[in-house]
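Asks: My structure is below; once you've seen it, I'll send some questions.
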Amino acid sequence: MIDSPETSSQDPLRPIAIEDVVSGEFDQEAEGSISPILTKRVLPPQAESPKLHKVLAQAGLGSRLEMEQLILEGRISVNNEPAHIGQRIQFGDQVKVNGRPLRIRIDPPPPRVIAYHKPAGEIVTHDDPKNRPTVFRKLPRLQHGKWQSVGRLDLNTEGLLLFTSSGELANRLMHPRFGLEREYAVRVLGALSNEEKQKLLDGVMLEDGMAQFGSIENGGGEGSNCWYRVTISEGRNREVRRMLEAVGHAVSRLIRIRYGAMVLPHGLRRSTYMELDEADIRALTHAANKAQASENRDEPGAVGEKRSPEPRNQNPRNPKNRAFGAKKTGPGPSRQRSDKSANSQPDPMKTSVGYIGADSFSRQRKEQGPGGKSGGPRRNGGRSR
């Protein structure tokens, strides 16, 4: 039964679960109305950058008053343009004194991360020769740099897509050797047999090598359409679709509902985004660093290896689904390669609300004020015109 809007609004921070997708609640919320105030696609500015005359004084060229005098005399330029009094400079700016470059040290800005609800029909590319809709046209503008996508979703796949201004963070989050787990709700034609499930868990041979699911859980469905919740620890092109096709089942719908410890929250409408707070970005970075440290220690559980069923295996590349608020389907036709022990330790990437992104989404809902129906924060934008 589909919950009423009142019921859903009582728990707006719970992540999307397979039951929500099968019942239709996911689509009902994802197609909610978008407030017209969410058409501005500009992120709020970051903390103010240092003033030019202060940076010059710290570089040992003289006092701040003397530096202001040099600026007034036109002897200072920034990015080959004459400087002015009160000007602020940022990481990457080129400063010259009397035409000679000056080496200055300005810390790079902290990474920014946004979670975007990608609809089917958009592609993840900056430039498409066929001029199809791209996700980057819906994203807010960065004052410096550009958005890096954390992996991709194909044209017909929808759901959670992360973007960051840090190429280093993007690489750590999506590199297959770190094995951050992706979770999908997938609808296929025809039910999977127990033998087919086991084959998908053990591994199927694709044209680009072996591929295997970390877990498969029944999600229900009607008629010949059957839903499943699957996890995978890498992101090759159309991998989930190709794996299921390899055992004779066509995929009719595919939704990514989790990436590592970041889940797609209720209320984030299609084609809208939310910016993660500093605490959530730290949690994401910690997850990536922890995965990298595990890789460096060569712990069991790497892609292509059998994961250890021992309870001590707390590898973050195989996070426990219940640690992120995802519902369990309970006993039944469900198979997993690792032991989902109830005694497993709490996941260190959880935030105070329960999962990465919950704090950000909670804060942004409060900023909307009473009666807000948007899927993103007022100051962070949403669907473009």
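Asks: Among the residues that make up the range 109-121, is at least one of them farther than 24 Å from Glu29 by Cβ, outside any loop (DSSP other than H, G, I, E, B) and touching a Lys or Arg at 6+ places or on another chain (Cβ under 7 Å)? Before you say what the answer is, go through the steps one by one.
Replies: Step one: list which residues in the range 109-121 are farther than 24 Å from Glu29 by Cβ, which gives 109-112.
Narrowing the set further to residues that are outside any loop (DSSP other than H, G, I, E, B) leaves none.
Within the range 109-121, not a single residue is farther than 24 Å from Glu29 by Cβ, outside any loop (DSSP other than H, G, I, E, B) and touching a Lys or Arg at 6+ places or on another chain (Cβ under 7 Å).
Asks: Moving on to the next point. All but one of (1) within 26 Å of the chain's Cα centre (by Cα); (2) at pLDDT below 95 hold for Gly221; state the number of the condition that does not hold.
Replies: The failed condition is (1).
Asks: When you scan the range 1-84 for helices (runs of 4 or more DSSP H) that lie fully inside it, which ones turn up with 3 or more residues that are buried (at least 17 other Cβ atoms within 10 Å of the Cβ) and at pLDDT below 90?
Replies: 18-23, 25-30
Asks: If you don't mind, there's one more thing I want to ask. Is there a residue being among the small types (Gly, Ala, Ser), closer than 28 Å to Ser252 by Cβ and at pLDDT below 90 anywhere in the range 145-154?
Replies: yes
Asks: A follow-up question, please. Counting only residues that are within 26 Å of Val21 (Cβ to Cβ) and of a type in the set (S, T, N, Q), how many does the range 133-178 have?
Replies: 4
Asks: Only one of (1) loosely packed, with under 15 Cβ neighbours inside 10 Å; (2) touching a Leu at 6+ places or on another chain (Cβ under 9 Å); (3) of a type outside the set (A, V, I, L, M, F, W, C) fails for Arg187. Which number is that?
Replies: Arg187 satisfies every listed condition except (1).
Asks: Then there is this: From the list Ser215, Ser193, exactly one residue is touching a strand residue (DSSP E or B) at 6+ places or on another chain (Cβ under 7 Å) and not charged (D, E, K, R). Which is it?
Replies: Exactly one residue qualifies, and that residue is Ser215.
Asks: Considering only residues that are of a type outside the set (Gly, Ala, Ser) and modelled with pLDDT of 90 or more, which ones fall in the range 155-173?
Replies: Leu155, Asn156, Thr157, Glu158, Leu160, Leu161, Leu162, Phe163, Thr164
A quick yes/no check of all residues on (1) aliphatic (A, V, I, L, M); (2) surrounded by fewer than 22 Cβ atoms within 10 Å (Cβ to Cβ):
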site: Met210; (1), (2): yes, yes
site: Cys226; (1), (2): no, yes
site: Gly235; (1), (2): no, yes
site: Arg241; (1), (2): no, yes
site: Val251; (1), (2): yes, yes
site: Ile255; (1), (2): yes, no
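Asks: Could you count how many residues in the range 135-161 are of a type in the set (D, E, K, R), touching a residue at least 40 places away in the same chain (Cβ under 8 Å) and assigned to a loop (DSSP other than H, G, I, E, B)?
Replies: Total satisfying the criteria: 3.
The values are calculated or read from the model by the stated rules, or taken from the named source; none is laboratory data. The structure presented is a predicted model; accordingly, all values stated were derived computationally and were not measured. Cβ sites come from the backbone with ideal geometry, for glycine too, and all protein chains shown count toward neighbours.
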